[in-house]
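Novice: Have a look at this one.
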Amino acid sequence: MSKAKTPCQCPLAGWCPAHRRKMSAVRHQQCQQEPGYFEAFQRGKEQRKQRGLGDSIAEITHKTGIAKALHALAEKTGKDCGCPERQGWLNEKVPYK
């Protein structure tokens, strides 16, 4: 991952003491790379604007429990699910702008 573009100092996803919340890999990346998200986390609110198809699919998989099942499977097999990378790729290929 590239150098943080925000004041985020957390090295990894997980518990963030600054925002006092658990940060998924996607949220951690957003916090580090996108000032709007960092500021929203600072205020205690998530920015809901979706950047592209990847964000929409991520939201659906989280709300339906699919993401939780995939992450559990990835943990059992020891293989990365690749979700954040796929989400970013889809956002680049099918943006909502």
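Novice: Let me have the relative contact order for the chain, percent, based on Cα pairs under 8 Å that are six or more residues apart.
Specialist: Worked out over the chain, it gives 24 percent.
Novice: Using a 10 Å cut-off on Cβ atoms, rank the peptides 6-15, 54-63 from the highest mean neighbour count down.
Specialist: 54-63, 6-15
Novice: Additional query: How do Arg86, Arg51 stack up against each other in accessible area, from largest to smallest, with a 1.4 angstrom probe?
Specialist: The most accessible residue leads, giving Arg86, Arg51.
Novice: Compute the separation of the alpha-carbon centres of the range 76-90 and the range 1-45 and state it in Å as a whole number.
Specialist: 19
Novice: Kirkwood Rh over alpha-carbon pairs of the chain, then Stokes-Einstein at 37 °C and 0.692 mPa s: what D in µm² s⁻¹, rounded to an integer?
Specialist: For these conditions, the coefficient is 232 µm²/s.
Novice: Quickly estimate the mean residue ellipticity at 222 nm for the chain, helices only: each DSSP H run with n ≥ 4 gives -39500 (n - 2.57), and the total goes over all residues, rounded to 500.
Specialist: -16500 deg cm²/dmol
Novice: So, for the chain, what is the accessible surface per residue at a probe of 1.4 Å, expressed in square angstrom?
Specialist: Roughly 73 Å² per residue, with all protein chains present.
Novice: Right, something else. Of the accessible area of the chain, with the probe set at 1.4 angstrom, what percent is carbon plus sulfur?
Specialist: 57
The values are calculated or read from the model by the stated rules, or taken from the named source; none is laboratory data. A quick note: this is a predicted structure, and the numbers were derived from the prediction, not measured. When we count neighbours, we look across all protein chains shown, and the Cβ atoms used for this are built from the backbone with ideal geometry, even at glycine. All accessible areas refer to the heavy atoms of the entire protein, side chains included, with ligands and DNA or RNA removed. Shrake-Rupley method; radii C 1.70, N 1.55, O 1.52, S 1.80 Å.
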